[in-house]
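Student: The following block contains the structure, expressed as C-alpha cells.
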Amino acid sequence: MYAKNTWEKYQGSLEEVMSFNEDYKRYISLNKTERACVKDSIELAKQAGFQDLDTVTELKTGDRVFVNNKDKNLALFIIGEKPLDEGMRILGAHIDSPRLDLKQNPLYEAEGYALLDTHYYGGIKKYQWVTIPLSLYGVVVKKDGTAVDVVIGEDENDPVVGISDLLIHLSSEQLDKKAAKVIEGENLDVTIGSMPLTGEDKDAVKANILKLLKEKYDIEEEDFLSAEIEVVPSGKARDYGLDRSMVAGYGHDDRVCAYTSLRAILDSETPLYTSCVILVDKEEIGSVGATGAHSLFFENTVAQLLAKMGCDSFIKTREALRRSKMLSSDVSAGVDPLFVSVNDKKNAAYLGNGIVFNKYTGSRGKSGSNDASAEYMAHIRQIMDDSGIHFQTAELGKVDQGGGGTIAYILGNYDMEVIDAGIAVLNMHAPMEVVSKVDVYETYQAYKVFLKDA
C-alpha cells in the first residue's frame, strides 16, 4: 500500500506497535557502540536458537548460525530449502553511528581541568555536541591482551562528561563565524575533572583522573594507545511527543534498521531461500576496513557456509551472491516541517507512512548510487502489496541540495539485486534523532515478508 498513513492500519492493535518499540528502546539505549550491538545481538540470537558457525561441522536446511567478525561485524543465517548457490535473501544494516572518538594520546590538563582530546567520526554538525551530557563507552586492551570494558555516564548514578561552549556574553566574534566553524574540530575536547590530587605539584588534576582510572579499571595512561573509547550522548531513548508516537534517541541511524532486521530473522521460520542479516561497521566513514561492507568478510563467510554443505567452490560462492536479493536496510531523511524547502515533497519520506524505499541514493547526479532496476522495484512493490505493507518511496532531498550513500552499491557489485529500504528519521546524525514508532514496526513486518517471500 503506497504512501498511506500507517497509524490507521494499527488503530485496533496499538499495543503490538508500542510493545515492539519498548524492546527497540532497550536495544538502542544499551548499545551505543558497534561492539555493544554485536555482543547484545549475539545474545538475542542465541536465545532464538542460533549457533556460532565455528561450532558447526555441517549445515542443513533449518540450521540457524551466526558469524562474529572482530566483535564489530555480525552475520546471521537461516539455511533455506533451496541450495545456497540459488541465492539468499539478505538484509544489510550498519551499526556504527556518528560520534566522537578519543585520540590515542587524549588525556591532558589545562587551566585546572582534565580533558580528553577527540577526533569526530562521521558527518556531524559539531556545534550540536557541546553543552550536552556525554558518556564514555568502549574498550581498553592492555599489553597482555586483557580487554577492559569502559562505560561511564550511562548508569543514573554515574557522573557524565561534556564539552563546554563560550558563554553568550563573550561570543560576539564566535557568532560571526559560519556554522561549520563556530565549533572547531580540535575544540571538541571533553572535560572530565577538576579536582587535584593532594601532594602533586604538576598536572595534579590529570594525576587524580589517572588514579581513579587505575583504581576502577586497572589501566594506565599508556593503555589509551590500544583503546577504542567513544564519546556518545548520555541517557536512554525516550518516548517523543505527547502522544508517545515517536522515539527520541541517539543512533537511530542505523541501529533502528539493524534492530528491525535482526528481529525479522530471529522471528522467522525456515525459509525457501537462505535468509541472511549482516550488520556492518564503518558505514559512516566509507564502509572501509576489515569490518566494513567493503571487506571480504561476507564473501568469505558465504564460502565457509558452502564448504560446510560439502561444496568448496569459488564459482558456487559467486553464484550464491549473484543470485541473491537484498534490502540495504538504512534510514532515509524524513520531511521536517521546519525545513520543508530542502525536499521535493512528492519524492520525500514522511514519518508515519511506513517503510521507505530509495531506488537510488547518491548526491548531485546520483554519484555513488546503487540505483535499483525497475524490474526489482516492481518485484518489491508486488511483495509489499500482497502482504498489505505500507511503504513510500523517496530521494534524499532536492537534486542539488546534497545527498548521501549506503552500503547498497557495495553488495550490488556482486551483481545481486539491491535496493535501499529503511525508516524515515528526523535530526539525522544529531545527538538526538527521532523516528516514528509505527514506521519501526511496519519496517520490521516488511523485512519479515521480504525474507519469506522475495
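The values are calculated or read from the model by the stated rules, or taken from the named source; none is laboratory data. No experiment lies behind these values; they were computed from the predicted model shown. Ideal geometry is used to build each Cβ from the backbone, glycine not excepted, and the neighbour counts take in all protein chains shown. Heavy atoms of the whole protein, side chains included, go into the accessibility calculation; ligands, DNA and RNA do not. Shrake-Rupley method; radii C 1.70, N 1.55, O 1.52, S 1.80 Å.
Student: Is it the case that some residue within the range 226-233 is touching a helix residue (DSSP H, G or I) at 6+ places or on another chain (Cβ under 7 Å) and either open to solvent by less than 30 Å² (accessible area, probe 1.4 Å) or touching a residue at least 40 places away in the same chain (Cβ under 8 Å) (or both)?
Tutor: Narrowing the range 226-233 to residues touching a helix residue (DSSP H, G or I) at 6+ places or on another chain (Cβ under 7 Å): none.
For the range 226-233, residues touching a helix residue (DSSP H, G or I) at 6+ places or on another chain (Cβ under 7 Å) and either open to solvent by less than 30 Å² (accessible area, probe 1.4 Å) or touching a residue at least 40 places away in the same chain (Cβ under 8 Å) (or both): absent.
Student: Filter the range 38-94 down to residues that are open to solvent by 20 Å² or more (accessible area, probe 1.4 Å) and among the hydroxyl-bearing types (Ser, Thr, Tyr) and give me whichever is nearest to residue 316 (Cα to Cα).
Tutor: 61
Student: Another question, then. Any residue at all in the range 149-161 that is in a strand (DSSP E or B), in contact (Cβ under 8 Å) with a residue 60 or more places away in the chain, open to solvent by less than 30 Å² (accessible area, probe 1.4 Å) and under 27 Å from residue 218 (Cα atoms)?
Tutor: yes
Student: For the range 375-389, enumerate the residues that are assigned to a helix (DSSP H, G or I) and either charged (D, E, K, R) or in contact (Cβ under 8 Å) with a residue 12 or more places away in the chain (or both).
Tutor: Within the range 375-389, the subset assigned to a helix (DSSP H, G or I) is 375-386.
Across the range 375-389, the qualifying residues are 375, 376, 377, 379, 380, 381, 383, 384, 385, 386.
Student: Looking at the range 18-125, what strands (runs of 3 or more DSSP E) fall wholly within it and have at least 3 residues that are among the charged types (D, E, K, R)?
Tutor: On the way: elements: 64-69, 73-78, 88-94, 99-110, 113-121.
Answer list for the range 18-125: 99-110.
Rundown of residues vs (1) touching a Phe, Trp or Tyr at 6+ places or on another chain (Cβ under 6 Å); (2) at pLDDT below 90; (3) surrounded by 20 or more Cβ atoms within 10 Å (Cβ to Cβ), yes/no style:
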residue	(1), (2), (3)
360	no, yes, no
376	no, no, no
394	no, yes, yes
401	no, yes, no
411	no, no, yes
423	no, no, yes
432	no, no, no
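Student: Now, a different point. Identify the residue in the range 316-356 that is free of Cβ contacts under 8 Å to residues at least 12 places away in the same chain and of a type in the set (D, E, K, R) and, among all such residues, is most open to solvent (accessible area, probe 1.4 Å).
Tutor: For the range 316-356, the residue satisfying everything is 346.
Student: Within the range 163-172, can one find any residue that is within 28 Å of residue 254 (Cβ to Cβ) and either open to solvent by less than 70 Å² (accessible area, probe 1.4 Å) or part of a loop (DSSP other than H, G, I, E, B) (or both)?
Tutor: Taking every residue of the range 163-172 in turn, at least one turns out to be within 28 Å of residue 254 (Cβ to Cβ) and either open to solvent by less than 70 Å² (accessible area, probe 1.4 Å) or part of a loop (DSSP other than H, G, I, E, B) (or both).
Student: Something else about it: Looking at the range 1-17, which of the residues that are of a type outside the set (A, V, I, L, M), under 30 Å from residue 346 (Cβ atoms) and part of a helix (DSSP H, G or I) is least open to solvent (accessible area, probe 1.4 Å)? Spell out the reasoning first.
Tutor: Narrowing the range 1-17 to residues of a type outside the set (A, V, I, L, M): 2, 4-13, 15-16.
Going one step further and asking which of them are under 30 Å from residue 346 (Cβ atoms), we end up with 2, 4-11.
Next cut, part of a helix (DSSP H, G or I) only: 6-10.
Numbers: 6: 0, 7: 48, 8: 139, 9: 78, 10: 15 Å².
Checking each candidate, the answer is 6.
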